[in-house]
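Participant: Got a structure for you, written out below as structure tokens; questions coming shortly.
The values are calculated or read from the model by the stated rules, or taken from the named source; none is laboratory data. No experiment lies behind these values; they were computed from the predicted model shown. No Cβ is skipped: glycine too gets one built from the backbone with ideal geometry, and neighbour counts run over all protein chains shown.
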Amino acid sequence: MIGRSRASSRCFAGSARRGLDVVIAMAALIMVAPAMFFIALAIISDSPGPVFFSQVRLGRDGRPFRLHKFRKFYHRLDGGGCDVTLRNDARMTRVGRLLERTKLDEVPQLWNVLVGEMSIVGPRPESLVFADCFTGPFRSILDHTPGLLGPNQVFFRNEWKYFPAERDPHEFYRTVLFPVKARNDLAYFPQRSLRSDIVWIFRGVSAVFGLSATGEHGVEGTVDEVWRREDLAPRSDATALEHR
């Protein structure tokens, strides 16, 4: 009886969360439609190329889906061999820098939410190049629908500032940032509630507009500590690999 009750509660929470996703995504798309029009014009005027950038990401249960963003890099340099955005990234256009600072490049993902590929609150979806990071305990992160907002989206709002110039960005992300982020996800999502998700929605929106502290100071200390120890680097048996 207890197990059945818990399953019923989880099913209700999942349905309620999906309903909230649809309502928020539809309302937000309607409200930001005029802004999206002017953003599209600015992107086209700034540099040749498409308005949107799409990339295959890992969804729930590891199923791939196509994530959409406003293009912030020069056309044909999107990605450019590097799957992370760095400080003073030379691939970024003038409009792209503004989109990056304001996070407006993420707005098209409301469509991903509307069609059920993403949720408003969830772990950030990784690109396929980091698919091998989801091993061991981190595999369970893929049990959750990826999201637009969440703890890591708040704490790592300015992720580019953590990448040291002397380190390979992909290697640093795998061995340092991914483990920190993965632990954050595993600490929150297995026991999340609809109420706590709503709190993270408000925290996420506040962080975007700079209206509240993002908690980055504590994250900086954690990242520095992991980097110094270097005890989370991939081992030959791949069982100890930990992720963001």
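Participant: Only one of these conditions is not met by GLU171: (1) over 27 Å from MET26 (Cβ atoms); (2) in a helix (DSSP H, G or I); (3) in contact (Cβ under 8 Å) with a residue 24 or more places away in the chain. Which number is it?
Facilitator: For GLU171, the failing item is (3).
Participant: Would you mind finding the one in ARG124, ARG139 that is surrounded by fewer than 16 Cβ atoms within 10 Å (Cβ to Cβ) and out of contact with any Gly (no Cβ under 6 Å at 6 or more places or on another chain)? Steps first, please.
Facilitator: On the way: ARG124 fails: surrounded by fewer than 16 Cβ atoms within 10 Å (Cβ to Cβ).
One residue alone meets the criteria, ARG139.
Participant: Further question: Pairs needed: first member in the range 113-128, within 22 Å of GLN191 (Cβ to Cβ); second member anywhere, in a strand (DSSP E or B) and modelled with pLDDT under 95; C-beta distance under 8 Å; at least 6 residues apart or different chains.
Facilitator: Correct list of pairs: empty, since none qualify.
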